[in-house]
Each structure stands twice: as C-alpha cells, then as structure tokens.
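**Q** Have a look at the structure that comes next, please.
None of the figures in this text is laboratory data; all of them are computed from the coordinates on show. Only a predicted model underlies this, so the values are computations on that prediction, with no experimental measurement involved. So basically every Cβ, Gly included, is an ideal-geometry build from the backbone, and we count neighbours across all protein chains shown.
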Amino acid sequence: MPIPFIMPKMDMDQESVTITEWLKQEGELITKGEPVIVVETDKLTSEIEAPATGTLASILYHEHEEAPVTQVVAYILAEGETIADLPAPEKPEEVEAKAAETPAQQASAPVQLQVSPIAQKLAADLKVDLNQLGITDRKITRADIEAFAAAAKEKPPRPSATPAARFTARENKLDLSGISGSGPGGRVQLADVKAAQAAATSQPAVDLKPAAVLPAVKPGEIKPFTGTRKRIAERLTQSYQDVPHIYLTVHVDMSALSALRQRANADKTRDSVSMTAFLVKLLALTLARHPYLNATLSERGVELLGEYNIGVATALEEGLIVPVIHHADQLPIRTINAQLRELSAKARNGSLVRQEVDGGTFTISNLGMLGISEFTAIINPPQSAILAVGAIERRVVAAADDEIEIKPMMSITLGCDHRVVDGAVAAAFLRDLKTVLEEPSLALL
Amino acid sequence: MPEITYREAIHDAMVEEMRRDPSVFLIGEDIGTYGGAFGVSQGMLEEFGPERVVETPIAELGITGAAAGAAMVGMRPIAEMMFSDFVLLAMEALANQAAKARFMFGGKATVPMVLRLPGGSGTGAAAQHSQSLESLLIHIPGIKVVMPSTPYDAKGLLISAIRDQNPVCFVEHKLLYKSKGEVPEGEYTIPIGVGEIKRPGTDLTVVSTGIMLHRCLSVADRLAQEGLEVEVLDPRTLRPLDTEMITASVKKTGKLLVVHEAVKTGGWAGEVIASVSESDAFNYLDAPMRRLAGKDVPIPYNRLLEEAAVPQEADIEAEMRALLTNQY
C-alpha cells in the first residue's frame with residue numbers, strides 16, 4: 001500500500017500551512033528523514049521531512065497552495081507500486097468538483113492521462129510534467145505540450161534600463177525593478193540608480209531591516225496577502241478584537257543604565273551589549289515579581305506560566321517575527337546579548353527553527369532605534385502583556401529641587417489584557433520596572 | 001604658425017616627400033598642366049617634370065594597376081582618382097591585387113602606394129560624383145583608410161601614408177579644400193590609426209570626421225553655451241580604428257553618437273558602435289548608441305535635396321539634444 005504523506009501539525013492552533021516549495025517532484029525517489037516540502041506557517045518557514053522512503057507520487061497540494069494540517073498532501077510509493085495503487089484523491093474540493101462533473105470518474109482514481117505518443121516523447125524531451133497540464137478530459141496532444149513549455153519559458157519582463165544602470169545596480173546590489181526610471185518609457189537611467197543608492201545609504205541605520213530603495217508603486221497593483229503576512233493579520237485582528245487592551249506609560253530616566261552600558265562597552269575586545277539585552281534581563285527579573293503579567297488566559301483560568309521567556313519583536317520585509325530568549329531571568333546579560341544577535345541574524349536569513357520562536361511568555365517591541373518616542377503595541381496571544389519601548393531622548397525634566405535638567409529619557413508603554421491584569425497591578429509592575437531601569441544595581445538584591 | 005588651406009597642406013606634403021624621396025611620384029588624370037581637378041598638384045609638373053607627374057588617359061583601373069605594380073617594385077606612387085566615385089572602376093587593382101599582394105607573397109612584396117580620393121557631396125555634382133565610399137573601403141583587409149578633417153591632419157597623415165608599406169586610401173572632402181588651419185612648416189607626421197579628441201566634454205561622445213566633424217564641432221560649441229558639454233572625437237583613420245580612444249570616451253560620457261556623410265546602411269558608424277558594444281564600455285552606456293548618417297539614396301542633383309540627403313547642423317543639433325536630454 002502506498003504510504004500517505006501527511007502534513008504534520010506544528011502548532012496548537014494551526015489549521016493549515018502554505019506550501020512554499022516542493023523540494024522533490026513527482027516520480028523522484030525520497031529517503032525517510034530528508035526534507036521534501038518547505039512550508040510557511042504563521043511564525044516561520046519550516047522544512048517537512050519525508051515520513052518514509054519511496055517514490056513521491058500524486059502531489060495533491062502544489063506550491064503556493066494552502067494545505068490543511070493532519071491531511072494527506074501526497075503519497076509515497078514502495079518499489080513495484082504505481083499510481084494505480086493509490087486510494088481515491090482526498091483533496092476535498094477536487095473530489096467535489098469531480099463529483100459534480102463526471103461521477104463515473106470518481107471511483108476510477110487517480111486519473112489515467114490520455115497522451116498521444118508524440119506528446120509523450122515531447123514531454124519527456126522538454127521535461128514537462130504531464131500532470132501539471134491539468135488536462136484530464138481529453139487526450140493530451142503535441143500542441144498542449146508545446147503551449148505549456150512556451151508558457152513556462154516566459155519570464156517576467158525585465159525592467160527597462162540602460163547598460164550603465166544595470167551594471168551599477170548589479171555592483172551595488174540594488175533591485176532595478178524597485179527603481180523608477182526617468183528615461184523614455186520609464187527606462188532606468190544611471191542617474192536614477194545613483195539617486196536610489198544615495199537614498200538607500202542616507203536612510204537611518206536600522207539594524208533589523210535592510211535599507212530598501214524607493215519602492216516603485218504601480219497604481220492599482222495587488223500584492224498577495226498570504227502566508228506570514230496573512231497569519232500576522234489574523235492573529236493581530238483576533239487579539240485586538242478579543243482582548244480588552246489597557247495601556248499605561250511611564251518615562252524612565254536612563255542616565256544610570258546608559259552609563260552602565262557605556263562602561264560595559266568600553267571593553268572593545270568583547271561584543272558591544274545592546275540596550276535591548278539590558279531591557280530583556282531587567283524586564284524578566286521584574287516579571288518574576290509580577291506573575292499576572294506573565295500569564296495566559298484560557299478556559300481553565302489564568303495560568304501563571306512561571307517561566308520568563310521574553311520574545312523580541314523583529315521586523316522583516318515579509319512581516320514580523322518574534323524570536324524568544326528563554327529563561328531570560330536566569331541568563332547573564334552578555335549571554336542574552338549574544339542570543340539576540342544570533343536570533344536576529346537567523347530571522348533575517350530565514351533560518352530560525354521552531355524552538356527559537358516558541359514558548360514566549362511576554363513580548364517586548366522596541367522602535368527606539370527608529371526614533372519613535374512612544375507607541376502602543378497589540379498583545380501577542382496567548383500572552384497577556386506587551387511592552388512597547390521608545391527611543392532614549394534628551395528631554396527637559398523637572399528635578400527634585402524644581403531645577404530644570406536635561407536627561408536621557410525613555411518612554412515605555414505597557415499594553416495588557418484587562419481581563420487578567422487590572423490597572424493597579426500593571427501600575428505596580430511598571431513602577432518596579434522603572435525603579436530597576438533607573439537604578440540597575442537594585443537588580444542585585 | 002602659418003595658416004594654410006587643406007589643399008595647400010596636401011600639396012605641401014606631396015612636394016616635400018617628392019623632394020625628400022626620389023621614389024615618390026604622382027599618377028592620375030589632369031594632374032599636370034591643369035594642376036588636378038581640385039588644383040592640389042598645381043606647379044608640380046613644373047618642378048618635378050613628366051617623369052614624376054604622370055598624366056594618364058581616363059582609365060582608373062590602369063592608374064591604380066600601374067601604381068600597385070610600381071609600388072611592388074620599389075616605387076612610392078601617389079595615385080589620384082579625380083572623384084572618389086571612380087575608385088569603383090579601380091577595385092580589381094585595389095582590392096584584389098594591391099590589398100592582397102603582401103599577404104599572398106608571404107610578406108616578400110610590399111605595396112607602398114597612396115590612392116587619393118576626393119569625396120563627398122555639397123558641390124552639386126550629382127549622384128556619380130558625390131559619394132562617400134569610405135565605408136566600402138574599410139571592409140577590405142590589407143588597405144588602410146585615412147580621412148583627415150583639418151589641414152594639419154591632412155599634411156601629417158599624408159606623409160605617414162606615403163611612407164607606409166601598405167596601400168592607403170586617402171579620402172579628402174571636396175568641401176574642405178578651401179578650409180584653413182594652422183600648419184607648421186616642414187616635416188611632421190601623424191601616426192595612422194590614432195584619433196584625436198577635437199573637443200573635450202563630459203555629457204556625450206560624438207565621433208565624426210571629414211566635413212561632418214566641423215559641423216559637429218560647431219553644434220557642440222553652441223550647446224556648450226547652455227552648459228551641455230559634448231566630447232567630439234576625430235578618429236582620423238577609419239581603418240585601423242582608434243577604438244581605445246572611443247571606448248575611453250564612452251566610459252566617461254555614457255552616450256555615443258556617430259555622424260558621417262556616408263549612407264547609413266553598412267556605414268562605418270555601425271562598426272564604431274559595434275566595437276563599443278563589444279568592449280567594456282558597454283557597462284557604462286546610459287542611452288542607445290545612435291547613428292546620424294547620409295540617407296540611403298543616391299545623392300540628388302537638386303541643391304535642396306542634396307542638402308537633405310546628408311546630415312546638416314540642424315540635424316546634428318537635434319540628435320545631440322535628444323541624446324543629452326534622454327529622449328532616446
């Protein structure tokens with residue numbers, strides 16, 4: 001019997017995945033344990049491994065299609081087996097469609113393709129997969145193969161650009177399609193590339209997101225809203241609609257912590273420690289004293305999680321990803337710093353693994369490096385609180401003796417689930433956090 | 001430095017070389033008593049006599065064949081076609097014999113001859129006396145094609161051509177004979193195959209020679225008043241071509257216009273453009289490379305039509321402006 005290739009469920013509340021890529025094609029030999037499918041879930045891209053050894057057959061969900069989890073997505077044939085040994089196709093809409101059209105065909109699955117001999121040979125020569133033609137109701141002819149091969153050859157149009165523009169864009173790793181051209185018919189001139197390059201380099205240095213060139217916006221152009229982007233939207237909408245958010249803001253004098261960080265970074269032989277690393281550590285320590293901020297509300301009640309795993313929201317071109325520093329309360333700040341660096345790099349090149357984004361109990365979102373003074377964030381479910389961190393700015397403040405002073409100030413805004421956390425509880429947490437941020441030596445106690 | 005005409009510069013070069021080297025002689029139609037159709041050899045019969053200023057019947061193949069044969073046995077003939085159009089009659093001697101002898105005899109024979117070719121339109125001489133056949137000649141390996149645009153270049157290049165061991169077609173423009181320029185007295189040479197930047201610029205490279213070079217320079221001067229800096233290059237020799245100078249300039253400006261009087265189809269502009277396209281200058285191009293050339297018609301007799309058939313300053317200006325402002 002052919003072995004069904006079942007899409008595994010990777011997350012509790014997951015219903016489907018988007019298939020990004022089939023690493024193997026129908027008819028190819030696959031070995032148990034080798035990656036066969038690349039899928040995109042709400043959190044990241046994963047590789048799905050072959051559950052058995054054999055020949056891959058009858059792919060039911062193709063690239064860029066959504067496939068339900070715990071369902072069959074393909075079959076693996078043992079030696080000697082053919083597609084004739086397969087059970088009826090299980091892709092629901094296909095079954096329905098076939099039932100509506102030709103009820104007789106439903107039983108005789110999978111469909112045996114009718115192919116003329118010359119078409120068969122041509123398909124083999126041109127490496128055309130006959131199944132991809134989608135012709136099941138008639139004989140596949142030579143013209144079908146030729147038309148399919150011609151269509152497959154057509155590439156998206158190259159942007160119009162002069163050789164100098166192309167060369168310069170290539171040298172500077174700029175995407176020509178993102179540069180609007182001033183030449184005839186929108187042709188990209190050398191000057192356009194140079195302007196884009198200047199714009200790209202003059203943008204403020206954002207360490208989490210590669211500086212992009214001016215996007216070429218075509219009026220009315222529809223960008224696909226799928227995969228990561230769609231999942232983020234669904235989760236945020238759900239959180240914003242279901243969770244009654246309350247927001248509290250405090251302004252923190254960062255003189256002491258900035259000085260401490262400067263002293264730490266005076267040692268040039270070691271990696272410089274980011275402010276985020278200090279925040280993660282001090283936040284985790286403070287959370288330990290305020291368990292309701294580190295909790296999950298479910299039907300069973302409020303679960304106090306007891307582990308302090310801090311997620312750090314990271315902006316990527318295709319959306320947000322939240323790698324997690326596990327047990328941040330127990331880690332030295334330099335270790336947290338090193339982990340943050342590693343996770344941020346992995347997030348950018350898309351190589352984060354499940355464990356690195358799972359298990360977060362509290363999220364911190366820092367837009368300080370982008371110059372934002374203060375903002376509010378939406379809670380990352382099923383957590384019950386999120387901390388929005390603004391920029392450290394030199395602000396005029398009233399000192400204790402009513403003197404006017406200029407101090408490095410940072411505004412932090414706590415967003416929390418009012419069902420779990422009352423305003424007073426949140427205020428107590430923020431007060432403690434402010435205290436330890438303003439006087440980090442207190443964390444030793 | 002004294003100012004002399006293009007005609008005088010060519011005359012001086014021939015006279016000086018004939019005084020210096022007894023193997024140099026002239027051969028052609030009406031070059032003696034009449035002094036040449038355009039007066040280039042005036043007074044030379046008197047100085048050098050009929051032995052060295054050989055007048056012939058109307059027989060271009062005979063003139064060229066005699067010159068090629070004389071060259072192979074040690075003479076340095078300067079043969080004149082009354083009009084460059086007549087070189088078509090001489091093609092057997094020029095292309096099949098003179099151009100190939102050195103190669104077919106394994107280098108044992110050389111053909112140090114010069115074929116002077118007054119060419120171009122603008123004199124109302126109609127289709128058979130107004131052609132620009134230099135593009136045809138550069139297609140023949142074994143001959144060099146020189147096309148001077150100033151009196152200074154004409155003298156220096158003609159002396160080099162006379163001393164060269166290969167057949168050299170020396171294309172003169174009829175409208176340039178009366179043009180004046182500074183030319184030093186006495187002997188000097190300009191190497192064949194080396195072009196010159198006649199006007200430096202940064203925004204557009206224009207390659208041209210002969211009468212067209214002067215039109216390009218005049219337009220470039222006008223555009224400079226608007227801050228548009230056109231670099232004008234004169235290859236001076238069409239074969240071998242100074243591609244190094246041209247590619248270096250295109251790398252600087254990113255744009256190329258080639259202007260010539262010869263008809264566009266199969267014209268030497270295409271060769272210039274192809275050489276740039278094949279070079280590392282390709283990556284510096286910021287516009288399509290363009291040709292402005294003679295229309296693909298025989299030169300008409302009617303004055304207005306004759307003017308319309310070859311690039312005039314207005315055409316050149318329009319073409320330069322379009323390239324400078326990214327209209328192409």
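**Q** Name the residue farthest towards the positive end of the dipole of chain A from the options A:F5, A:A428, A:H418, assuming +1 on Cβ of Lys and Arg, -1 on Cβ of Asp and Glu, about the Cα centre.
**A** A:A428
**Q** For the protein assembly as shown, what is the calculated [θ] at 222 nm in deg cm²/dmol (nearest 500), taking -39500 (n - 2.57) for each run of four or more DSSP H residues and dividing by its residue count?
**A** Values: 22 runs with 246 residues, N = 773.
After summing the helix terms and dividing by the residues of the protein assembly as shown, the value is -9500 deg cm²/dmol.
**Q** Where does the protein assembly as shown land on the Kirkwood hydrodynamic radius, alpha-carbon pairs, in angstrom? Could the numbers behind the result be given before it?
**A** Numbers: mean 1/r = 0.0290 Å⁻¹.
Its Kirkwood hydrodynamic radius stands at 34.5 Å.
**Q** Using only the alpha-carbon atoms of the stretch A:227-444, report the extent along each of the three principal axes, biggest first, to the nearest angstrom.
**A** Ordered largest first, the stretch A:227-444 gives principal extents of 51, 42, 31 Å.
**Q** Identify the GluC sites (Glu not before Pro) of the stretch A:142-198 meeting these criteria: DSSP loop state and at most 12 other C-beta atoms within 10 Å of the C-beta.
**A** On the way: sites: A:E146, A:E154, A:E171; in loops: A:E154.
Passing sites in the stretch A:142-198 are A:E154.
**Q** Another one. Working from the pairwise distances between different alpha carbons, so that the mean of 1/r is found and then inverted, what is chain B's Kirkwood radius in Å?
**A** Numbers: mean 1/r = 0.0498 Å⁻¹.
Computed over Cα pairs of chain B, the Kirkwood hydrodynamic radius comes out at 20.1 Å.
**Q** As a quick test, which of the pairs B:K255/B:K295; A:K9/A:K434; A:K194/A:K230; A:K194/B:K295; A:K281/A:K407 have an alpha carbon distance above 32 angstrom in this structure?
**A** Values: B:K255/B:K295 23 Å; A:K9/A:K434 41 Å; A:K194/A:K230 35 Å; A:K194/B:K295 38 Å; A:K281/A:K407 23 Å.
A:K9/A:K434; A:K194/A:K230; A:K194/B:K295, as the Cα separations exceed 32 Å there.
**Q** Straight distance only, please: which aspartates and glutamates reach the Cα of B:K252 with their own Cα at less than 15 Å, same-chain residues fewer than 8 apart left out?
**A** Straight-line reach from B:K252, under 15 Å: B:D203, B:E229, B:E231, B:E244, B:D280, B:D286.
**Q** How many nm is it between the label spots at A:E28 and B:E55, if each spot is 7 Å from the Cα in line with the beta carbon?
**A** For A:E28 paired with B:E55, the spin-label model returns 8.9 nm.
**Q** Set the Förster distance to 45 Å, then compute FRET efficiency between B:E313 and B:K108 from the Cβ-Cβ distance, nearest 0.05. If you can, show how the numbers build up before the last one.
**A** Numbers: r = 50 Å, r/R0 = 1.11.
Step by step, r from the Cβ atoms, then E = 0.35.
**Q** Along Cα→Cβ, 7 Å out, is where each label goes; now give me the distance between the ones at A:E49 and A:I372 in nm to one decimal.
**A** 3.9 nm
**Q** Between B:I197 and B:T33, what FRET efficiency follows from the Cβ-Cβ distance if R0 is 45 Å, with the result rounded to 0.05?
**A** Details: r = 42 Å, r/R0 = 0.94.
After rounding, the FRET efficiency stands at 0.60.
**Q** When Lys and Arg each count +1 and Asp and Glu each count -1, what net charge do the other residues less than 11 Å away from A:D329, Cβ to Cβ, add up to?
**A** Numbers: positive: A:K281, A:R289; negative: A:E307.
Taking every Cβ under 11 Å from that of A:D329, the sum is +1.
**Q** Let me ask another. Could you give the C-alpha radius of gyration of chain A expressed as a fraction of 2.2 N^0.38 Å, taking N as the number of residues it contains?
**A** Working: Rg = 27.9 Å, N = 445, 2.2 N^0.38 = 22.3 Å.
Ratio of Cα Rg to 2.2 N^0.38 Å: 1.25.
**Q** Next question. Under 19 Å Cα to Cα from B:K264, which aspartates and glutamates show up? Leave out anything in the same chain fewer than 8 places away.
**A** Leaving aside aspartates and glutamates fewer than 8 places away in the same chain, those within reach of B:K264 are B:D85, B:E134, B:D234, B:D296, B:E306, B:E307, B:E313, B:D315, B:E317, B:E319.
**Q** Mind checking which aspartates and glutamates have their Cα closer than 20 Å to the Cα of A:K24? Skip sequence neighbours fewer than 8 apart in that chain.
**A** A:E34, A:E40, A:E47, A:E49, A:E63, A:E65, A:E66, A:E79, A:E81, A:D125, A:D129
**Q** For a Förster distance of 35 Å, can you work out the FRET efficiency between the beta-carbons of A:A400 and A:A264, rounded to the nearest 0.05? It would help to have the intermediate numbers written out before the result.
**A** Values: r = 28 Å, r/R0 = 0.80.
Approximately 0.80, to the nearest 0.05.
**Q** Between A:P244, B:T64, A:S298, whose Cα lies farthest towards the positive end of the dipole of the protein assembly as shown when Lys and Arg beta carbons carry +1 and Asp and Glu beta carbons carry -1, centred on the Cα centre?
**A** About the Cα centre, the residue reaching furthest to the positive side is B:T64.
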